[in-house]
Amino acid sequence: MTRVDFYSLDPASGGDRFLLACRLVERIRTSNLRVLIHCPDAELSRHLDRLLWTFREDSFLPHGIVGRTDPALTPVLIGGDGIPESEDQVLINLANEVPGFFSRFERVCEPIDHDAAVRAAGRERFRFYKDRGYPLEHHQIRL
C-alpha cells in the first residue's frame with residue numbers, strides 16, 4: 001500500500017512548497033530512488049525546473065520536464081499527467097487535488113507551505129487518504 005507523507009513548513013520558515021519540494025528531492029535522491037513531481041501547471045513546472053538548478057550551489061539534481069528529456073536517463077521528472085507510467089517509486093504532488101494515479105507509487109510526498117489555499121487543499125487531501133486507509137505521516141520542516 002502507498003505510504004503518504006505530508007511535509008508542512010514550520011511557521012518560522014521562509015520559502016514555499018516548491019523550495020520544500022527541492023529539499024525533498026535532494027533527500028530522496030540520496031537513496032537512489034526515482035521521483036516524479038506532479039505539477040499540472042506548465043508555468044509552475046518551468047519555475048520548479050529552474051529552481052531545481054539553482055536552489056543550492058553545491059547540489060546537482062538530474063531532472064527534466066516530461067517530453068523534453070529522456071526518462072530512462074533522468075531520475076527526477078516533472079510532469080502534469082502521470083506520464084511516464086513506468087514511474088512508481090516516489091511521487092511529489094504539487095497539485096491541489098489527489099492525482100488519480102497516486103496509488104501506483106510506493107510513496108507519495110505532499111509538501112504544504114503557509115499559503116491558506118494550499119493548506120486548505122492539503123487538509124482535503126489528508127482526509128481523502130485517511131478515509132481510504134492509507135498510512136499517513138506528518139512532518140514539520142524548517143527551511
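The values are calculated or read from the model by the stated rules, or taken from the named source; none is laboratory data. Quick caveat, the model's predicted, so the values are computed rather than measured. Here Cβ is always computed from backbone atoms with ideal geometry, including for glycine, and neighbour counts include all displayed protein chains. These area figures cover heavy atoms from the full protein model, side chains too; ligands, DNA and RNA do not enter into them. Shrake-Rupley method; radii C 1.70, N 1.55, O 1.52, S 1.80 Å.
Those residues that are among the acidic types (D, E) and open to solvent by 10 Å² or more (accessible area, probe 1.4 Å), I need them from the range 1-25; list them, please.
If the condition is that a residue be among the acidic types (D, E) and open to solvent by 10 Å² or more (accessible area, probe 1.4 Å), then D10, D16 are the ones that fit.
Check E110, E87, E106 and return the single one that is touching a residue at least 12 places away in the same chain (Cβ under 8 Å) and open to solvent by 80 Å² or more (accessible area, probe 1.4 Å).
Exactly one of E110, E87, E106 is touching a residue at least 12 places away in the same chain (Cβ under 8 Å) and open to solvent by 80 Å² or more (accessible area, probe 1.4 Å), namely E106.
For (1) of a type in the set (G, A, S); (2) touching a His at 6+ places or on another chain (Cβ under 9 Å); (3) open to solvent by 70 Å² or more (accessible area, probe 1.4 Å), each residue gets a yes or a no:
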site: F101; (1), (2), (3): no, yes, no
site: D115; (1), (2), (3): no, no, yes
site: E124; (1), (2), (3): no, no, yes
site: R127; (1), (2), (3): no, no, yes
site: P135; (1), (2), (3): no, no, no
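I need a count of the residues in the range 120-143 that are part of a loop (DSSP other than H, G, I, E, B) and of a type in the set (A, V, I, L, M, F, W, C).
Result for the range 120-143: 1.
Could you list all residues from the range 49-65 that are in contact with a strand residue (DSSP E or B) (Cβ under 9 Å, 6 or more places away or on another chain) and farther than 12 Å from V35 by Cβ?
Let us first name the residues in the range 49-65 that are in contact with a strand residue (DSSP E or B) (Cβ under 9 Å, 6 or more places away or on another chain), namely 49, 52-53, 61-65.
Once the filter is applied, which keeps residues that are in contact with a strand residue (DSSP E or B) (Cβ under 9 Å, 6 or more places away or on another chain) and farther than 12 Å from V35 by Cβ, the range 49-65 yields D49, W53, I65.
Suppose we filter A121, A116 for residues that are out of contact with any helix residue (DSSP H, G or I) (no Cβ under 9 Å at 6 or more places or on another chain), of a type in the set (A, V, I, L, M), at pLDDT 95 or above and under 25 Å from I83 (Cβ atoms); which single one remains? Write out each step before concluding.
Numbers: A116 fails: under 25 Å from I83 (Cβ atoms).
Just a single option satisfies the conditions, and that option is A121.
Going by what's in this entry, would I28 be described as under 12 Å from the mean Cα position of the chain (by Cα) and surrounded by 18 or more Cβ atoms within 10 Å (Cβ to Cβ)?
Against the criterion (under 12 Å from the mean Cα position of the chain (by Cα) and surrounded by 18 or more Cβ atoms within 10 Å (Cβ to Cβ)), I28 qualifies.
Criterion first (farther than 27 Å from A12 by Cβ and either open to solvent by 10 Å² or more (accessible area, probe 1.4 Å) or not charged (D, E, K, R) (or both)) does D81 satisfy it?
Yes, satisfied.
For the range 37-48, name all the residues that are open to solvent by less than 90 Å² (accessible area, probe 1.4 Å) and touching a strand residue (DSSP E or B) at 6+ places or on another chain (Cβ under 8 Å).
I37, H38, C39, S45, L48
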